[in-house]
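K.L.:
Got a structure for you, written out below as structure tokens; questions coming shortly.
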Amino acid sequence: MSSVHSYWILPNRNQRDDVLACDGGRIVPLRQILEPRLRPEGFSHGVPTELLERCGPAQSAQVVFAQRFPRWQGNRQLFVVTTPAGVDSSGRVVHLGVLFILEPHEHPSFDIPYADLPGEDQPHAQVLLRRLSSPKRGDSWAQSVRELGELARRYGPATNVALQRSAIHFHSLYEVAPGGLTRKLTARKRSLLLLLVFAVIGIGLAERACRHSPRPLVLNGAPTCRFS
């Protein structure tokens with residue numbers, strides 16, 4: 001069993017004023033574990049609406065959203081993972097999450113108990129832990145969370161998937177595409193891709209000019225285009 005400090009953030013199925021959390025035994029208001037004034041800017045205890053909108057009803061149940069805030073309260077780190085956990089009586093999507101408070105040498109561990117959660121939340125917790133502990137091939141949402149957990153601290157606040165409507169800037173690893181998640185290109189890969197595109201265009205223009213050249217030039221026994 002992991003010694004990492006982890007807490008379940010429970011779905012607010014009754015639309016209480018307080019979001020509840022479970023520390024493995026007690027169920028208490030989340031504010032007793034993480035005071036609102038200590039929460040970093042941009043912190044979310046649920047999946048952002050924009051991700052659910054972009055994925056649509058058919059894919060939203062698969063969404064797993066994660067945030068990482070290094071250098072929180074000194075050298076500690078906040079890491080939070082959330083996923084949809086059904087709907088409340090009004091049809092509003094509710095969310096189940098796990099909050100980690102990590103020391104500098106620690107990483108998120110998904111070997112955590114869930115037997116003390118309310119019965120209706122336990123199946124969602126079990127599925128989430130199974131996905132994150134041993135991601136199946138093709139589960140890019142779960143894989144993106146694991147990659148975020150290993151991300152170097154120098155990147156600062158980060159999310160597993162890019163947000164377009166966030167109030168602050170997050171470094172992100174993936175972005176939502178029509179077919180699911182795709183890994184974002186790094187600046188270097190983007191530059192190399194642009195160079196490749198320009199090279200292909202340049203070769204195409206050169207071949208076109210060669211075909212229209214009226215006087216081929218012979219070099220070393222081979223015809224070569226003469227450009228004016």
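The values are calculated or read from the model by the stated rules, or taken from the named source; none is laboratory data. The structure displayed is predicted, hence computed values, not measured ones. Please note: Cβ atoms are built from the backbone with ideal geometry, for glycine as well, and neighbour counts cover all protein chains shown.
K.L.:
Being of a type outside the set (Val, Ile, Thr), at positive phi and assigned by TED's automatic domain parsing to the domain that holds VAL28 is true for just one of GLY149, GLY74, GLY119, GLY97. Which residue is that?
P.N.:
Just a single option satisfies the conditions, and that option is GLY74.
K.L.:
Any residue at all in the range 63-71 that is touching an Asp or Glu at 6+ places or on another chain (Cβ under 7 Å) and of a type outside the set (S, T, N, Q)?
P.N.:
no
For (1) more than 16 Å from GLY97 (Cβ to Cβ); (2) more than 18 Å from the chain's Cα centre (by Cα); (3) not aliphatic (A, V, I, L, M), each residue gets a yes or a no:
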position	(1), (2), (3)
ARG16	no, yes, yes
VAL19	no, yes, no
ILE27	no, yes, no
LEU34	no, yes, no
GLU41	yes, no, yes
SER44	no, no, yes
ALA58	yes, yes, no
PHE65	no, no, yes
PHE69	no, no, yes
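K.L.:
SER166 is checked against (1) under 20 Å from SER60 (Cα atoms); (2) within 12 Å of the chain's Cα centre (by Cα) and fails just one. What number does that condition carry?
P.N.:
(2)
K.L.:
Still on this structure, I have one more. Looking at this structure, is VAL94 more than 30 Å from ARG153 (Cβ to Cβ) and either in contact with a Ser or Thr (Cβ under 7 Å, 6 or more places away or on another chain) or buried (at least 18 other Cβ atoms within 10 Å of the Cβ) (or both)?
P.N.:
Against the criterion (more than 30 Å from ARG153 (Cβ to Cβ) and either in contact with a Ser or Thr (Cβ under 7 Å, 6 or more places away or on another chain) or buried (at least 18 other Cβ atoms within 10 Å of the Cβ) (or both)), VAL94 qualifies.
K.L.:
Still on this structure: Looking at this structure, is PHE110 among the aromatic types (Phe, Trp, Tyr) and not in a strand (DSSP E or B)?
P.N.:
Spelling it out, PHE110 is indeed among the aromatic types (Phe, Trp, Tyr) and not in a strand (DSSP E or B).
K.L.:
Starting from residues that are in contact with a His (Cβ under 9 Å, 6 or more places away or on another chain) and assigned to a loop (DSSP other than H, G, I, E, B), keep the ones in the range 148-170 and report whichever is modelled with the highest pLDDT.
P.N.:
Only one residue fits best here, namely PRO157.
K.L.:
Say whether the condition of being touching a helix residue (DSSP H, G or I) at 6+ places or on another chain (Cβ under 9 Å), of a type in the set (Val, Ile, Thr) and crowded, with 21+ Cβ neighbours inside 10 Å is met by at least one residue in the range 18-29.
P.N.:
Within the range 18-29, none of the residues are touching a helix residue (DSSP H, G or I) at 6+ places or on another chain (Cβ under 9 Å), of a type in the set (Val, Ile, Thr) and crowded, with 21+ Cβ neighbours inside 10 Å.
K.L.:
Also, quick follow-up: Take the conditions modelled with pLDDT of 90 or more, part of a strand (DSSP E or B), within 30 Å of PRO40 (Cβ to Cβ) and aliphatic (A, V, I, L, M) and apply them to VAL145. Does it pass?
P.N.:
Considered against the rule, which asks whether it is modelled with pLDDT of 90 or more, part of a strand (DSSP E or B), within 30 Å of PRO40 (Cβ to Cβ) and aliphatic (A, V, I, L, M), VAL145 comes out as no.
K.L.:
To continue, here is another question. Could we say that ILE9 is surrounded by fewer than 19 Cβ atoms within 10 Å (Cβ to Cβ), in contact (Cβ under 8 Å) with a residue 12 or more places away in the chain and among the aliphatic types (A, V, I, L, M) here?
P.N.:
It is false that ILE9 is surrounded by fewer than 19 Cβ atoms within 10 Å (Cβ to Cβ), in contact (Cβ under 8 Å) with a residue 12 or more places away in the chain and among the aliphatic types (A, V, I, L, M).
K.L.:
Right, another one. Suppose we keep only residues that are over 23 Å from ARG16 (Cβ atoms), more than 16 Å from the chain's Cα centre (by Cα) and touching a residue at least 24 places away in the same chain (Cβ under 8 Å) within the range 108-149. Which one would you say is surrounded by the fewest Cβ atoms within 10 Å (Cβ to Cβ)?
P.N.:
Per the criteria, the residue is ASP111.
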